[in-house]
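A quick write-up on the structure given underneath.
The values are calculated or read from the model by the stated rules, or taken from the named source; none is laboratory data. The model shown is predicted, which means the values in this text are computed figures rather than measured ones. Quick reminder, even Gly has a Cβ in these numbers, built from the backbone with ideal geometry, and neighbours come from all protein chains shown.
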Amino acid sequence: MSMLLIKNIGMLATAKGCSPLCGAAQHSGIEIIRNCAVLINGDTIQAVYDNDEAPKCENVIDANGLLVTAGLVDAHTHLVFGGWRQHEVPLKLRGAGYLEILQAGGGILNTLTATRNATEDELYLRAGKVLDEMLSYGVTTVEAKSGYGLNVEDELKQLRVIRRLKEQGSFNVVPTFMAAHAVPPEFKGNPDGYIEFICTEILPKVADDELCEFVDVFCETGVFNVEQSRKMLTYGQAYGFKTKIHADEIDAIGGSVLAGEIGATSAEHLIAVDDAGIASMARGGTIACLLPGTSLYLNKDFAPARKFIEAGVPVAVCTDFNPGSCPSDNLQLCMNLAYLKYRMTPEEILAAVTLNAACAVNRGESIGTVESGKQADLVIWDAKDLDYLVYRMGSNLAKIVIRKGNIVK
Ligand code: NIG
Ligand code: FE
């Protein structure tokens, strides 16, 4: 195994352990170590040393006094899709709502057609380009959802693309099955029938081919109600999958309450969450995956991040990269928005895009912190401290990105 030493680290900022940070610990649980070095053994972090006590090593990266963190984790993306939706922006600017566009056959249903018409190879190449871009931003793990096929063939096609991206090896991709993303034209007006179809016709095939780790559902007015969402997720659990839920994005219809009740790993969006939803998530140990890029892009309120932190719900921050509500794959931009709009501290934000996001994709044991035994995913930033990292807007400050011990940028 080859050894690699990162020396002259001015500031190493990292969470510790394998469980999400919540409450006051989302801030205080970030450890700041100055003037240190990190030794990597193959794909694993061996140890953190005081800079003067670091062992000799043939392969050395000089961090020149800069900030080092764990590789970022983007725990919510709709990575694989055909087409883009720039034609929707003027509609939105004229006042058309997200659900209005969807109900008129646009939105997700527009991407559905483009995704069904695309070949597996086309989808693979497109998504691969996005992953390269994300890696250049310092993101070393990404969750990716299906949900633009909405039939057996095309949902499996999307999930196979995700599997190929994962197997290609330069990236950690966590697959989520989200056929319950919209009601497809074949089941128009019949969401119950579609959920039954997913549970009995698509899910068993996904399970047979081991194509996902999570099941997700869009629980929202005019999409799937709480009972339909409960059925989808409990079927998923019966197959052994973990669960996520798009909840309370537009209306608080009970998605976040359901998340806590069934012990979902995470609930996402949560712009309109109410106190009952927050309390249920706190009880259920559900992580709040907040998506500030989507609030910005849809011109919506920003989710109440501080309320979640006060209630002891761990917060993760993710892009929601997709062709409609957030066509940006820049997690650093979301960190800046979390600073300005969620009023999270730089330390809370670091936890939100490393350990908490790792736990939101069930990877807390192996990634998300810079500690002995964890996978060697690290970023050397063009920044000296966390304050600067979250202060800059829209730039790419990732200078050197290391994944599994390999320098990938
Ligand atoms: O998380 N809200 C539902 N789904 C996605 C948007 C998908 C799309 O508009 O294509 C989201 O924002
Ligand atoms: Fe989403």
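One table, with the values for the structure above:
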{"read-out": "Qualifying residue in segment 172-181 (condition: part of a strand (DSSP E or B) and at pLDDT below 95)", "value": "yes"}
{"read-out": "Any hit, segment 152-164, residues being outside any helix (DSSP H, G or I), touching a residue at least 12 places away in the same chain (Cβ under 8 Å) and touching a Leu at 6+ places or on another chain (Cβ under 7 Å)", "value": "no"}
{"read-out": "Counted residues, segment 199-257 - those being acidic (Asp, Glu) and within 14 Å of ligand 2 (Cβ to nearest atom)", "value": "4"}
{"read-out": "Unmet requirement for GLU88, which otherwise passes all of (1) within 16 Å of ligand 1 (Cβ to nearest atom); (2) acidic (Asp, Glu); (3) more than 13 Å from SER325 (Cα to Cα)", "value": "(3)"}
{"read-out": "Yes/no for VAL152 being closer than 30 Å to THR354 by Cβ and either out of contact with any helix residue (DSSP H, G or I) (no Cβ under 9 Å at 6 or more places or on another chain) or not small (Gly, Ala, Ser) (or both)", "value": "no"}
{"read-out": "Candidate set from segment 388-408 (those that are touching a Phe, Trp or Tyr at 6+ places or on another chain (Cβ under 9 Å) and among the charged types (D, E, K, R)); member that is nearest to LEU4 (Cα to Cα)", "value": "ARG403"}
{"read-out": "Those residues of segment 312-321 which are crowded, with 24+ Cβ neighbours inside 10 Å, touching a residue at least 60 places away in the same chain (Cβ under 8 Å) and either within 15 Å of ligand 1 (Cβ to nearest atom) or part of a loop (DSSP other than H, G, I, E, B) (or both), in sequence order", "value": "VAL313, PRO314, ALA316, CYS318, THR319, ASP320, PHE321"}
{"read-out": "Filter result for the condition that a residue is modelled with pLDDT under 95 and either in the same structural domain as VAL257 (by TED's automatic domain parsing) or buried (at least 24 other Cβ atoms within 10 Å of the Cβ) (or both), over ASN330, ASN299, ASN336", "value": "ASN299"}
{"read-out": "Strands (runs of 3 or more DSSP E) lying entirely in segment 23-116 (those with 2 or more residues that are surrounded by 21 or more Cβ atoms within 10 Å (Cβ to Cβ) and touching a residue at least 60 places away in the same chain (Cβ under 8 Å))", "value": "31-41, 67-70, 72-74"}
{"read-out": "Flag if GLN26 is closer than 28 Å to ASP248 by Cβ and more than 20 Å from the chain's Cα centre (by Cα)", "value": "no"}
{"read-out": "Options ILE349, ILE400, ILE367: the member that is of a type in the set (A, V, I, L, M) and more than 19 Å from the chain's Cα centre (by Cα)", "value": "ILE400"}
{"read-out": "Number of the exception - GLU210 against (1) within 22 Å of the chain's Cα centre (by Cα); (2) not in a loop (DSSP other than H, G, I, E, B)", "value": "(2)"}
{"read-out": "Top-ranked residue of segment 204-218 - restricted to ones that are more than 16 Å from ligand 1 (Cβ to nearest atom) and crowded, with 23+ Cβ neighbours inside 10 Å, ranked as nearest to ALA75 (Cα to Cα)", "value": "CYS212"}
{"read-out": "Count of segment 276-307 residues which are of a type in the set (D, E, K, R) and either in contact with a Ser or Thr (Cβ under 7 Å, 6 or more places away or on another chain) or free of Cβ contacts under 8 Å to residues at least 24 places away in the same chain (or both)", "value": "2"}
{"read-out": "Those residues of segment 117-128 which are among the small types (Gly, Ala, Ser), farther than 15 Å from PRO327 by Cβ and either in a helix (DSSP H, G or I) or within 16 Å of ligand 2 (Cβ to nearest atom) (or both), in sequence order", "value": "GLY128"}
{"read-out": "Per-region count, segment 383-409, residues buried (at least 16 other Cβ atoms within 10 Å of the Cβ), touching a strand residue (DSSP E or B) at 6+ places or on another chain (Cβ under 8 Å) and not small (Gly, Ala, Ser)", "value": "12"}
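Residue-wise test of (1) outside any helix (DSSP H, G or I); (2) away from ligand 2 (no atom under 16 Å from the Cβ); (3) in contact with a Pro (Cβ under 8 Å, 6 or more places away or on another chain); (4) not assigned by TED's automatic domain parsing to the domain that holds VAL80.
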position	(1), (2), (3), (4)
ARG343	yes, yes, no, no
ALA352	no, yes, no, no
ASN356	no, yes, yes, no
GLU371	yes, yes, no, yes
ASP387	no, yes, yes, yes
GLY394	yes, yes, no, yes
LYS399	yes, yes, no, yes
